[in-house]
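Can you read through this structure? Questions will come right after.
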Amino acid sequence: MERSYRTSFELDEPAISEGGLWLNGKKDGIDWADVITKGGRAYGSVTRMAVAERRVEQGNLEGSLPEGDYDDPTAVLSGAWGKNQHAKGTVFSKSPTAEYFQEVELRLRSAIAPNLCTGYEVFFRCLKTDEGYAEIVRWNGKVGDFTSLTKLIGAQYGVKDGDVIEATIHGNVIKGFINGVEVISATDDVFGSGSPGIGFNFFVGNTNLDHGFTYFEVDTSD
């Protein structure tokens, strides 16, 4: 099936709905957080902030697996969508900081239900330094249960205000783009269908207001 959607987030909503077109991480999924829209921007709500994010590359974790709450703000479009998906978003980012892992995330073949969130996520850190990164992750269902498919670190993988990020999935090939240039890719066969959407990282304090999207579009087909 062919189905498309475009939005500039014109409505102010505590959990993005746009007339019932979206499902949210807390409102519908319970264990995650919602996506807020206000003033033409979409950004993540404040998360639990109970278990701090710890990652090897930050120098605060000895093991190989990251730690934290993982109640990421996330939202996906409702209904049926084509399995081949192309999502695009325009980034806003102000006062970027290395203190938190501020991320802008595009979701593919995803689903949200009570205590369940599945699908693929292509995301970029809002930081144009050597600590920038891009990553592709598969969400397996339960909160905190995810599999990193690939990750690349460096300034060229981070994003700044006004950048356009894209994510595609065709067959089992997932790709991520910054300003029209492919920067990361992976393959995975677990999810063959689902919805596109957007998301943000948990545990960013009050900097949740400092990064997000001003525009989002998606085109899908079978």
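Take the range 178-189 and flag every residue that is open to solvent by 40 Å² or more (accessible area, probe 1.4 Å) and not hydrophobic (A, V, I, L, M, F, W, C).
Pass one, the range 178-189, residues open to solvent by 40 Å² or more (accessible area, probe 1.4 Å): 179-182, 185, 187, 189.
Within the range 178-189, Asn179, Gly180, Glu182, Ser185, Thr187, Asp189 meet the criteria.
Here are some residues: Lys160, Lys142, Lys128, Lys151. Which one is surrounded by fewer than 22 Cβ atoms within 10 Å (Cβ to Cβ), charged (D, E, K, R) and over 22 Å from Ser93 (Cα atoms)?
Working: Lys160 fails: over 22 Å from Ser93 (Cα atoms); Lys128 fails: over 22 Å from Ser93 (Cα atoms); Lys151 fails: over 22 Å from Ser93 (Cα atoms).
That would be Lys142, the only listed residue that is surrounded by fewer than 22 Cβ atoms within 10 Å (Cβ to Cβ), charged (D, E, K, R) and over 22 Å from Ser93 (Cα atoms).
Select from the range 205-222 the residues that are surrounded by fewer than 22 Cβ atoms within 10 Å (Cβ to Cβ) and of a type in the set (Val, Ile, Thr) and write down the one among them that is nearest to Gly39 (Cα to Cα).
Step by step, filter the range 205-222, then rank; the result is Thr214.
Assess whether Gly199 counts as being more than 15 Å from Ser45 (Cβ to Cβ), touching a residue at least 24 places away in the same chain (Cβ under 8 Å), under 15 Å from the mean Cα position of the chain (by Cα) and crowded, with 20+ Cβ neighbours inside 10 Å.
So Gly199 does not fit the description; no.
Can you name every one of the strands (runs of 3 or more DSSP E) wholly within the range 1-42 that holds 1 or more residues which are surrounded by fewer than 18 Cβ atoms within 10 Å (Cβ to Cβ)?
Those strands (runs of 3 or more DSSP E) span 3-7, 35-38.
When you look at Lys175, is it at pLDDT 95 or above, among the basic types (Lys, Arg), open to solvent by 40 Å² or more (accessible area, probe 1.4 Å) and assigned to a strand (DSSP E or B), yes or no?
Numbers: at pLDDT 95 or above: yes; among the basic types (Lys, Arg): yes; open to solvent by 40 Å² or more (accessible area, probe 1.4 Å): yes; assigned to a strand (DSSP E or B): yes.
Answer is yes for this residue.
Please identify the pairs in which a residue from the range 72-95 that is crowded, with 17+ Cβ neighbours inside 10 Å has its Cβ atom under 8 Å from the Cβ atom of a residue that is in a loop (DSSP other than H, G, I, E, B) and β-branched (Val, Ile, Thr), counting only partners at least 6 apart or on another chain.
What qualifies is Asp72/Thr47; Pro73/Thr47; Ala75/Ile16; Val91/Val159; Ser93/Val159.
Residues checked against (1) over 24 Å from Asp163 (Cβ atoms); (2) charged (D, E, K, R); (3) in contact with a Ser or Thr (Cβ under 9 Å, 6 or more places away or on another chain):
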{"site": "Asp71", "(1), (2), (3)": "yes, yes, yes"}
{"site": "Gln102", "(1), (2), (3)": "no, no, yes"}
{"site": "Ile112", "(1), (2), (3)": "yes, no, yes"}
{"site": "Leu116", "(1), (2), (3)": "yes, no, no"}
{"site": "Val122", "(1), (2), (3)": "no, no, yes"}
{"site": "Asp130", "(1), (2), (3)": "no, yes, no"}
{"site": "Ala134", "(1), (2), (3)": "no, no, yes"}
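On to the next question. Considering (1) more than 21 Å from Pro73 (Cα to Cα); (2) at pLDDT below 95, say which one Thr147 fails and leave the rest.
Every condition holds for Thr147 apart from (1).
The values are calculated or read from the model by the stated rules, or taken from the named source; none is laboratory data. Keep in mind the model is a prediction, meaning the values are calculated, not measured. So basically every Cβ, Gly included, is an ideal-geometry build from the backbone, and we count neighbours across all protein chains shown. Protein only, heavy atoms only, side chains kept; ligands, DNA and RNA dropped before computing areas. Shrake-Rupley method; radii C 1.70, N 1.55, O 1.52, S 1.80 Å.
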